[in-house]
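Visitor: Structure incoming, see below.
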Amino acid sequence: MKLGFSKADEEFRESIADWLASNLVGEFEKIRFRGGPGDEHMFFEQRVAWEKRMAEGGWTCIGWPEQHGGRGCSLEQQVIFHEEYARAGGPGRVGHIGEGLTGPTLIAFGSAAQQQRFLPKILSGEELWCQGYSEPGAGSDLANISTRAEFDEAAGVWRLSGQKVWTSLAQESHWCFVLARTEPGSKGNRGLGFFLLEMDQPGVEVRPITQLTGTSEFNEVFFDGAEVAADCIVGEPGDGWKVAMGLLGYERGVSTLGQQMLFQNELSEVIKLAKQNGAATDPAIRQRIADAHIGLKIMRYNSLRTLSAEAGDGTLDRAAMMYKLYWSTWHRNLGNLAMDVLGPQAELVESGDYELTHLQSLFLFTRSDTIYGGTNQIQRNIIAERALGLPREPRG
């Protein structure tokens, strides 16, 4: 496990910390610590401007290879970047799906033309992406998707028809990567294609979904003959599952260390409140705070262990499969702890029109953590079947 940092790495830490301190000021001061989970609807235009400021400073896509516009930063330097970004209160990244998912996937599976077309505008923060995976009948069971893609030879385009759901920031995105069926009658993970679809076109309708928090940063998206150019399918028709699974490997990559720093910020807020309102004098609350601290440390060391074992192709070892189950359960429990620390104040809104405090929003949003991205039950099946090699659960 890689735990230490070299002198060069610490100099890198100093450079990113100095840059953040010099730039998270003025117009960007008010968006510090904003725009995270449950708060993604806030200060969107300012966060887009921040994304472009980061690009100007060369701080987007730092883990990408230099030949694709990145810095080619080592694992250690990427960890340092995410740690310092969260520590400085860097706002939620509006470009994280493009930078963390679309870009690495195109670098691994895309054509040279696709890389030249899409990577520069992800780097610059000019084009934002969303993810078209889940459907009403295909959430945790992603292979059950029914969105269709038919090739129109006369027009030289693919036409997509179907519905996606829980699509975060679809209303703000320029492009969407979409998993769809290219072979009529195909089932499961066969006969799929991975498409790059422009959102601003006829045949694409985005409908916001209102959440428990009163916000609607995710949406359902309807495709009715939406067009995808023939050169905007990644790989060949039928390769969609392979590309989609490769992308999910990047989702559990080094950015998880930054996620944990955000968790640390939230835990620190809970501890501060417990000291202020006297909840910290309750032995049961103190024990739960200690358990949360221990759980976060375990999460960090397990991430460092799995990232240290990363294969040369960017894939992670089987131990990484436990990460989603672990962090989502921990985060949900933190939301419960926050409400108990708040006490009776947890049931009072901050002001009219359903204005919630940060900790109230945290509690409500974390209800979804153990559901989206594969429910805890599905995550346990994945661990059992793919990581441990146990027999498959009987299917109906």
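The values are calculated or read from the model by the stated rules, or taken from the named source; none is laboratory data. Being a predicted model, the structure only gives us computed values, none of them experimental. All Cβ positions, even for glycine, are placed from backbone atoms using ideal geometry, and neighbour counts span all protein chains on display.
Visitor: Determine which member of the set ALA55, ALA8, ALA86, ALA21 is modelled with pLDDT under 95, out of contact with any Phe, Trp or Tyr (no Cβ under 8 Å at 6 or more places or on another chain), farther than 25 Å from TRP327 by Cβ and assigned to a helix (DSSP H, G or I).
Guide: ALA8
Visitor: Here's another thing I want to ask about it. In segment 173-185, which residues are buried (at least 21 other Cβ atoms within 10 Å of the Cβ) and either over 16 Å from the mean Cα position of the chain (by Cα) or in a strand (DSSP E or B) (or both)?
Guide: As a first pass, look at segment 173-185 and keep what is buried (at least 21 other Cβ atoms within 10 Å of the Cβ): 173, 175-182.
Residues satisfying the conditions are TRP175, CYS176, PHE177, VAL178, LEU179, ALA180, ARG181, THR182.
Visitor: Return the total of residues in segment 211-239 being assigned to a loop (DSSP other than H, G, I, E, B) and of a type outside the set (A, V, I, L, M, F, W, C).
Guide: Here the count works out to 11.
Visitor: What about GLY125, is it modelled with pLDDT of 95 or more, closer than 22 Å to PRO237 by Cβ and touching an Asp or Glu at 6+ places or on another chain (Cβ under 6 Å)?
Guide: no
Visitor: Could you say which residue among LEU337, LEU364 is outside the structural domain of SER140 (by TED's automatic domain parsing), in contact (Cβ under 8 Å) with a residue 60 or more places away in the chain and touching a helix residue (DSSP H, G or I) at 6+ places or on another chain (Cβ under 6 Å)?
Guide: Within the list LEU337, LEU364, the selection yields LEU337.
Visitor: Return the residue satisfying two criteria in turn: it lies in segment 55-73 and is touching a residue at least 40 places away in the same chain (Cβ under 8 Å) and more than 21 Å from the chain's Cα centre (by Cα), and of such residues it is farthest from GLU29 (Cα to Cα).
Guide: Across segment 55-73, the extreme among qualifying residues is HIS68.
Visitor: Among (1) surrounded by 17 or more Cβ atoms within 10 Å (Cβ to Cβ); (2) not assigned by TED's automatic domain parsing to the domain that holds ASN336, where does ALA230 come up short?
Guide: Exception for ALA230: condition (1).
Visitor: Output the strands (runs of 3 or more DSSP E) that fall wholly within segment 90-172 and possess 3 or more residues being of a type in the set (A, V, I, L, M, F, W, C) and within 26 Å of PRO202 (Cα to Cα), or say none.
Guide: 157-168
Visitor: If I filter segment 109-124 for residues that are touching a residue at least 60 places away in the same chain (Cβ under 8 Å), surrounded by fewer than 20 Cβ atoms within 10 Å (Cβ to Cβ), within 18 Å of ALA170 (Cα to Cα) and not aromatic (Phe, Trp, Tyr), do I get at least one hit?
Guide: Taking every residue of segment 109-124 in turn, none turns out to be touching a residue at least 60 places away in the same chain (Cβ under 8 Å), surrounded by fewer than 20 Cβ atoms within 10 Å (Cβ to Cβ), within 18 Å of ALA170 (Cα to Cα) and not aromatic (Phe, Trp, Tyr).
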